[in-house]
1. Residue by residue, what Karplus-based ³J(HN,Hα) values in Hz, rounded to whole numbers, does region 203-213 have, using 6.51, -1.76 and 1.60 with θ = phi - 60° and x for Gly and Pro?
2. Using θ = phi - 60° and the Karplus relation 6.51 cos²θ - 1.76 cosθ + 1.60, list the HN-Hα couplings for region 144-152 in order, rounded to whole Hz, with x at every Gly or Pro.
3. Accessible area of region 165-256 with a 1.4 Å probe: how many percent of it is carbon plus sulfur?
4. How large is the accessible surface per residue of the chain, computed with a 1.4 Å probe and reported in Å² as a whole number?
5. Binning at 5 angstrom from zero up to the longest distance, how are the C-alpha pair distances of region 86-158 distributed in percent?
6. Full-extension gain between Ser228 and Glu198, please, as 0.36 nm times their residue separation minus the C-alpha to C-alpha distance.
7. Work the Kirkwood hydrodynamic radius out for region 19-171: mean of 1/r over every pair of different alpha-carbon atoms, inverted, in Å.
8. If amide H atoms are built 1.01 Å from N in the plane of the peptide, which residues on other chains or at least 5 residues away come under 5 Å of the amide H of Ser33?
Amino acid sequence: MPAQSPYETYVLFDPTTPSRLEVVPKRGGIVTSWQIKGQEIFYLDQSRFANPSLSVRGGMPILFPICGNLPDDTYIHNTQTFQLKQHGFARDLAWEVEEQTPTRLAVRLTSNEVTREHYPFDFHVVFTYQLVGNTLEVHQRYTNHSQAPMPFSTGLHPYFLVEDKTQLLFEVPADHAWDRISQETTPFRGRFDLDRDEIDTALRPLNNQSATITDQGRNLAITLTYDSSYSTLVFWTIKGKNFYCLEPWSAPRNALNTGESLLHLEPESSLETLVTLSVNLIGTVADK
């Protein structure tokens, strides 16, 4: 049953693990908490979450219809200029509940007058969160109800809780890394300079459809899998904060302008994508 804290929160529970998930549809359809055997997986800044004027820093925000930012928050479509802020609007809007069972919740976002001011397309997006033991499945369906092809990118922005970042081990399927801060591309050798104040790195092209980060300090490993719609993984963290992000993006920054890896949907057609997050509690028998 939903509860108030401070937004209406829907709770999913899989007793086989046990695994518990909290979703807040009215705050961008966001997952705010995921606990496995009582251990929290996500970081959440509660003060930002409670302030509707601020974007949420924590949980797992939804990125749509862009990932990352655009130069001056601007893109051009059919000679017309539009403004679209970083990561798009999906994470800031209220989603509607479409279906719920004890282990599954489907939420939807539909285009409206507000979205069309920034993105001139009619769309219907459904996210279905499904708990299966130690795994969270995120099923997505994007439908274009416009009369013209709809360009977009999509992604997830999970904030994973960490106590000591020096205890992280990375298995990320990329050989090159683009640093947003230095604007340089360098070989990626499975390590990040965690002494930096901020790390914001895009890893692409990807040569596999899964990545794993092992947190030796918390005795757990998180494996992220994603289908062929996703071209990019972004690693982001800030020094002194107890989170790191490993984000699957379908396209890199500024794709609405460059067209790089941009997804396109024909009128009245749909695209289904899937991202899964699986947690292995090291030293325990993982539930399947």
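1. My calculation for region 203-213 gives 10, 6, x, 9, 10, 7, 9, 8, 9, 10, 10 Hz in order.
2. 9, 9, 7, 8, 10, x, 10, x, 6
3. 42 percent
4. With the other protein chains kept in place, the chain gives 44 Å² per residue.
5. 3, 14, 23, 25, 17, 10, 5, 2, 0
6. Full extension from Ser228 to Glu198 adds 7.9 nm.
7. Evaluated over region 19-171, this radius sits at 16.7 Å.
8. Glu22
The values are calculated or read from the model by the stated rules, or taken from the named source; none is laboratory data. This structure is a prediction, so every number in the text was calculated from the model and none was measured. Reconstructed Cβ throughout: ideal geometry from the backbone, glycine too, with neighbour counts over all protein chains shown. Accessible surface areas use protein heavy atoms only, side chains included; no ligands, DNA or RNA. Shrake-Rupley method; radii C 1.70, N 1.55, O 1.52, S 1.80 Å.
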